[in-house]
Amino acid sequence: MTTETQAAGDLAPVYVSPQPAIRRIELDRPWQWLVKGWQDLRRAPTVSFTYGVLAAVTGYLLTFGLLWADLLYLVLPLTAGFLIVGPILAVGLYEVSRRAEQGQSTTLYEALAAFRRNGSQIALMGIALMLLMFAWARIAALLFFLYFGLEPPSFEDLFASTFLEPDSLPFLVLGTLIGGGMALLAFSISVVAIPLLLDRPQANVIDAIATSFRTVQTNFLPMLFWAVLIAGFSAAGLVTLYLGLIVTLPLIGHATWHAYRDLVSFPEGA
């Protein structure tokens with residue numbers, strides 16, 4: 001055996017998994033993801049709507065918890081923070097769509113246990129999103145105290161004090177910029193990362209985040225449009241006292257899987 005052959009045999013790959021390529025898409029492509037997401041929802045209504053109901057119940061529990069803790073003024077920023085952690089809550093919905101592509105049905109147990117396909121890496125992704133969520137909650141609380149002092153407005157006066165008072169304009173602008181920036185960051189690191197980790201059990205969270213960032217960079221305008229659609233559907237679910245989440249959460253979850261499949265490709269046979 002030659003020295004060159006021995007050296008080659010001693011080489012270790014830099015990446016454990018095959019490296020993905022990013023497809024370029026048209027601006028209106030997200031509408032097709034929503035259509036496919038709706039089709040998946042109709043194929044698996046029990047699992048899909050169960051996830052939606054769980055999201056709505058979680059929203060009510062969060063609201064009542066804030067009421068009990070006398071922190072109800074944080075209900076608006078924390079419901080907005082749903083956009084940050086939402087992707088990790090939809091792993092089971094991605095699994096429904098993944099299995100549907102293979103002609104398989106999915107039980108509720110299989111959907112809830114889907115994270116076990118790549119448990120440690122999906123958990124790390126969830127921790128990253130939760131840290132962003134907690135950071136946003138602390139920043140939101142700080143902004144409230146800076147603008148309203150140690151006695152924030154009551155829940156009855158929250159809407160008027162926040163949106164209708166002229167003095168609240170700097171608060172709204174700053175809060176929107178910071179919250180929007182953190183939501184965009186969460187979107188950029190997770191939009192295809194979590195479906196990728198589910199689809200490729202050998203993938204790691206660093207490669208998945210890098211792929212997600214690269215996807216947004218390569219298709220910035222279509223992905224920005226997709227982010228706006230996600231925000232719009234999520235807002236529709238939240239303003240209906242969480243009831244709309246019963247439909248909008250599974251719709252977005254299934255559509256996100258098809259976004260991943262449309263945007264990310266791997267070497268043939270990998």
When the Cα centres of the range 171-199 and the range 108-128 are compared, how far apart do they sit, in Å? 19 Å
Helix-only estimate, please: 222 nm mean residue ellipticity of the chain, summing -39500 (n - 2.57) across DSSP H runs of length 4 or more and dividing by its residues, to the nearest 500. -23000 deg cm²/dmol
The percentage of the accessible area of the chain (probe 1.4 Å, all protein chains present) made up of carbon and sulfur atoms, to the nearest whole number, is 68 percent
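Based on the Cα coordinates of the range 34-107, what is the per residue volume of their convex hull in Å³?
On the way: hull volume 6.6 nm³, N = 74.
So the per-residue Cα hull volume is 89 Å³.
Under a point-charge model restricted to the Cβ atoms of Lys and Arg (+1) and Asp and Glu (-1), what is the dipole moment magnitude of the chain relative to its Cα centre, in debye to the nearest 20?
Details: 14 positive and 18 negative charges, 145 e Å.
Using only the charged Cβ atoms, the result is roughly 700 debye.
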When the charge dipole of the chain is computed with +1 on Lys and Arg Cβ and -1 on Asp and Glu Cβ about the Cα centre, the Cα farthest towards its positive end, among H254, G179, F82, belongs to H254
I'm a student and want to see the number: the projected area of the Cα convex hull of the range 181-270, averaged over all directions, in nm². 6.3 nm²
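Compute the signed sum of charges (Lys and Arg +1, Asp and Glu -1) over the other residues within less than 14 Å, Cβ to Cβ, of P201. All intermediate terms of the calculation are to be shown ahead of the outcome.
Working: positive: R98, R116, R117, R200; negative: E95, D199, D207.
Cβ neighbours under 14 Å give a net charge of +1.
Could you give the accessible area per residue of the chain, probe 1.4 Å, as a whole number in Å²? Before the final figure, lay out each step's value.
Details: 14380 Å² over 270 residues.
Ligands and nucleic acids excluded, the result is 53 Å² per residue.
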Environment charge at G119 (Cβ cut-off 15 Å; Lys +1, Arg +1, Asp -1, Glu -1): 0
Calculate, axis by axis, the spread of Cα positions in the range 20-148 along the three principal axes, and write the results as whole Å, longest axis first. 54, 35, 30
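The values are calculated or read from the model by the stated rules, or taken from the named source; none is laboratory data. Not measured: the values here are computed from a predicted model. Neighbour counts are summed over all protein chains in view; Cβ atoms, including those assigned to glycine, are modelled from backbone coordinates with ideal geometry. To get the accessible areas, we keep the full protein, side chains included, count just its heavy atoms, and leave off ligands, DNA and RNA. Shrake-Rupley method; radii C 1.70, N 1.55, O 1.52, S 1.80 Å.
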